[in-house]
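The values are calculated or read from the model by the stated rules, or taken from the named source; none is laboratory data. None of these values were measured; they are calculated from a predicted model. Backbone-built Cβ (ideal geometry, glycine too); neighbour counts: all protein chains shown. The area values use the complete protein model at the heavy-atom level, side chains included, leaving out ligands, DNA and RNA. Shrake-Rupley method; radii C 1.70, N 1.55, O 1.52, S 1.80 Å.
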Amino acid sequence: MQHGKYRFIVGFLALPLGLYALFVVWPFIQSIYYSFTDWTGLSPEFKMVGLDNYRRMLDDEIFWKSLQHSLMFAVVLPLVTLSLALFFAFMINVGGRRRRGGPVVSGVRGSSFYKIVYFFPQVLSIAIVALLFAFAYNPDSGAINSLLRGVGLGSLQPLWLGDPNLALWCVMAVLVWSTVGFFVVLFSAGMASIPTDLYEAALLDGAGRATTFFRITLPLLWDTVQSGWVYMGILALGAESFAVVQIMTTGPGGPDYSTTVLVLYVYQKAFRDGQAAYATTIGVALLVVTLAFAAVVMRLGRRERLEY
């Protein structure tokens, strides 16, 4: 059975690895190469400029603002989203009270309906979600300020996306709303695989919901949580944050660069300003930030694997 094993494995891996190298690794290598040039993206002609783009990036105030906002996305969004998703998934699957004649461990009443409601935003395109919330945040005719006026809080009319102090938090709230349902379903699937015997034993010992969650559910679900944290961080640093900021904010990235993130800054430099080489330099910085984020999460989240 060992004869030809490695040729068999290589035969299956050759095509997918080749495609990955062509469409993922090679563009990264090209980006790093172009970051040492003055390429505009509009002409085939360019020359090497060494580390000039990196020196310019380190002196770029907007780059540092964008980096700060991206890091806030990478830290705050996974923390809030995964915390909410864990709470909702726990209540839907094992957080309900025991009902006469029913199973010992069950979710709250209407848990099947709640699963559909939480997952509904995943059905919508992120572009549609951003447009809907852009209308809702409109300070004059938006649903949020209209609701505030309707309940007698007409004096409280924030500008929302027009306020530099609120705009970034408004964008984050949209991303949390649009992504939490996916993780509710993911964590629900993980909780369904945990033996009910463990929960029943905890209930017999008098454990409450909080104790059950922190002593049973979370430790046995930790690998899924860790993977979700990395995945959510990559979304927050990449396409999801770009789409929402690009569609919802003024500028986009405003007001006064208060919502500019690295991936948006890359897009603006490459396609608006014709500075493709500088854009790839910022892209290299974004790659380093993303890899560092994933490495830190995997390192800090390392725990002894629990079997059940």
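Brief remarks on what is shown
- Cα centroid separation - the range 183-246 against the range 115-173, whole Å: 27
- Selected from LEU218, LEU42, LEU22 as most flexible by GNM, with the chain as the system and alpha-carbon contacts under 10 Å: LEU22
- Kyte-Doolittle at least 0.5, axis length at least 18 Å by Cα - qualifying DSSP helices, the chain: 5-20, 61-93, 111-123, 167-192, 222-237, 276-300
- Per-residue ellipticity at 222 nm from helix content only, as computed over the chain with -39500 (n - 2.57) for each DSSP H run of at least four residues, stands at -20000 deg cm²/dmol.
- Taking ILE234, ILE128, ILE29 as the candidate residues, the one with maximal mean-square fluctuation in a Gaussian network model of the chain, Cα springs under 10 Å, is ILE29.
- Label-zone membership for the range 243-269, site LEU71, 7 angstrom Cα→C-beta point, backbone N under 15 Å: 261-262
- Gyration tensor (alpha-carbon) shape descriptor, the chain, a/c threshold 1.5: oblate
- Label zone at SER141 (point 7 Å along Cα-to-Cβ), backbone N below 20 Å, the range 243-259: 247-251
- Surface share of carbon and sulfur [accessible, 1.4 angstrom probe, percent] for the chain: 67
- Accessible surface, per residue, of the range 52-301 when the full set of protein chains is kept, probe 1.4 Å, Å²: 50
- Top of VAL75, VAL176, VAL117 by mean-square fluctuation, Gaussian network on the chain, Cα under 10 Å: VAL117
- Considering only VAL80, ALA276, PHE119, the residue lying farthest towards the positive end of the dipole of the range 52-301 is PHE119, judged by Cα position with unit charges set on Cβ.
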